[in-house]
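First comes the structure, then the notes that go with it.
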Amino acid sequence: METRKDDTEKKNDRSEPLLLPENGSDVSEEASWMVYLSTIIAVCGSYEFGTCVGYSAPTQFGIMEELNLSYSQFSVFGSILNMGAVLGAITSGKISDFIGRKGAMRLSSVISAIGWLIIYLAKGNVPLDFGRFLTGYGCGTLSFVVPVFIAEISPRKLRGALATLNQLFIVIGLASMFLIGAVVNWRTLALTGVAPCVVLFFGTWFIPESPRWLEMVGRHSDFEIALQKLRGPQANITREAEEIQEYLASLAHLPKATLMDLIDKKNIRFVIVGVGLMFFQQFVGINGVIFYAQQIFVSAGASPTLGSILYSIEQVVLTALGATLLIDRLGRRPLLMTSAVGMLIGCLLIGNSFLLKAHGLALDIIPALAVSGVLVYIGSFSIGMGAIPWVIMSEIFPINLKGTAGGLVTVVNWLSSWLVSFTFNFLMIWSPHGTFYVYGGVCVLAIIFIAKLVPETKGRTLEEIQAMMM
């Protein structure tokens, strides 16, 4: 069991979720309807994140035709989202500490809405890219602040269940772009991205701020009011409030970690595992497949609309299944290994479909081969490599390194995502089947990396995980 002393001596970066020790003293925590309402409002930001990521795939051919864009120009449009997201991720911690968790979500929603409107009105590639960059900045900020806000308002017994809604709504937002994009043009689809921004902006005026942030900035009376709203008018919040105040007071005396601490020999394995998982999560080619799914289906001679709808539904179902049922039953490593092997099979199926097409062989089975390959690939990613790297990252880093190391792996993730989405079209021009054989090779490396370096963290305390790795 973890003691209160163990947990309170670890926390460091104030931009991290300010949580109570998981196994602290027995505090009666209950959830009022306000916790659920606050979570639903917050995950509108997750939904917005998903719509930004999924927008380019169903709109590629419409945008290229209407604005007369080349493949390289559309590659810039598809990938510049990630550059905005990198900037958003870098600044999100400071912003959420300065103006609050709700303030950061409001700011992100405004910036994202402006970006969508610029895309809607765009007459050329420059405003199109600028709008995409703004939506990316909103994504980067929301990718940090939404899970932090949910973690800080939730009772400990509900924290895990409510936290899974973040990832689920990301894939729901992504799927909605494919479903809606099948029946509307790219300008109208951009307007649908404004809707979650509006709900998030106005919804945050009806929910309380994070009590932990309020206490952290010295707004003690507002802290108690917010906590009471979240726990219910009849709940006794005295013990929980005292624990939060004690815990936050202990943070002020801890030294701040620096980037140099990450390369210390006692910490380097944590960093290698965290950065490595984020690297492989992106370089298996996921954003290339998501951003340009329609192009893959068209190139293979399959129906782009049918294929996109099928894999969007599959991604929602399997993410919900993996997040809620499998991760704490089967463990992290088995799901990661299964995920990587499944993606390897998916890459081989897609690559073989393009190889057969290039040689004019078995033309009648090529569409089925391509669609089944994408479905196997996306399904495999959804049950493991999609969410589990973030879970493991939150478990393996010592608390005093989590802020600095978490920032590093987030930036690595977004930069890798940008590089994959930017190079995908160029790789497809070079060799469609070669592209997926390259991604399949990365999947093989991921399997080796997981087998050799990634620890199983299921059912272990943080101290056990860190002692095992050291």
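So the values come out like this:
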quantity	calculated
Contacts under 9 angstrom Cβ, first residue in region 406-430 being farther than 19 Å from Ser56 by Cα, partner of a type in the set (Asp, Glu) and not in a helix (DSSP H, G or I), 6 or more apart	Gly406/Asp13; Gly406/Glu16; Gly407/Asp13
Condition met for Ser96 (over 20 Å from Leu415 (Cβ atoms), surrounded by 21 or more Cβ atoms within 10 Å (Cβ to Cβ) and at pLDDT below 85)	yes
Enumerated helices (runs of 4 or more DSSP H) restricted to region 167-263, each holding at least 1 residues that are at pLDDT 85 or above and under 30 Å from Phe297 (Cβ atoms)	186-192, 194-203
Subset tally (residues that are among the β-branched types (Val, Ile, Thr) and either within 17 Å of the chain's Cα centre (by Cα) or farther than 20 Å from Thr192 by Cα (or both)) for region 81-126	6
Test: Ile63 is modelled with pLDDT of 75 or more, among the aliphatic types (A, V, I, L, M) and open to solvent by 60 Å² or more (accessible area, probe 1.4 Å)	no
Verdict on Ala113 being crowded, with 24+ Cβ neighbours inside 10 Å, touching a helix residue (DSSP H, G or I) at 6+ places or on another chain (Cβ under 8 Å), in a helix (DSSP H, G or I) and not basic (Lys, Arg)	no
Flag if Gly440 is surrounded by fewer than 17 Cβ atoms within 10 Å (Cβ to Cβ), at pLDDT 90 or above and not acidic (Asp, Glu)	no
Filter result for Pro211 (open to solvent by less than 60 Å² (accessible area, probe 1.4 Å), in contact with a Leu (Cβ under 6 Å, 6 or more places away or on another chain) and either within 28 Å of Glu48 (Cα to Cα) or not small (Gly, Ala, Ser) (or both))	yes
Qualifying positions in region 35-58 - touching a Lys or Arg at 6+ places or on another chain (Cβ under 9 Å) and under 16 Å from Gly136 (Cβ atoms)	Cys52, Tyr55, Ser56
Residue match in region 39-57 (condition: modelled with pLDDT of 75 or more, over 19 Å from Glu242 (Cα atoms) and surrounded by fewer than 19 Cβ atoms within 10 Å (Cβ to Cβ))	yes
Residue ranges of helices (runs of 4 or more DSSP H) in region 275-394 with at least 2 members more than 26 Å from Lys452 (Cβ to Cβ), out of contact with any Pro (no Cβ under 9 Å at 6 or more places or on another chain) and modelled with pLDDT of 80 or more	304-321, 332-358, 366-383
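The values are calculated or read from the model by the stated rules, or taken from the named source; none is laboratory data. From a predicted model like this one, the values you see are computed outputs, not experimental measurements. Backbone-built Cβ (ideal geometry, glycine too); neighbour counts: all protein chains shown. Note: areas computed on protein heavy atoms with side chains; ligands, DNA, RNA excluded. Shrake-Rupley method; radii C 1.70, N 1.55, O 1.52, S 1.80 Å.
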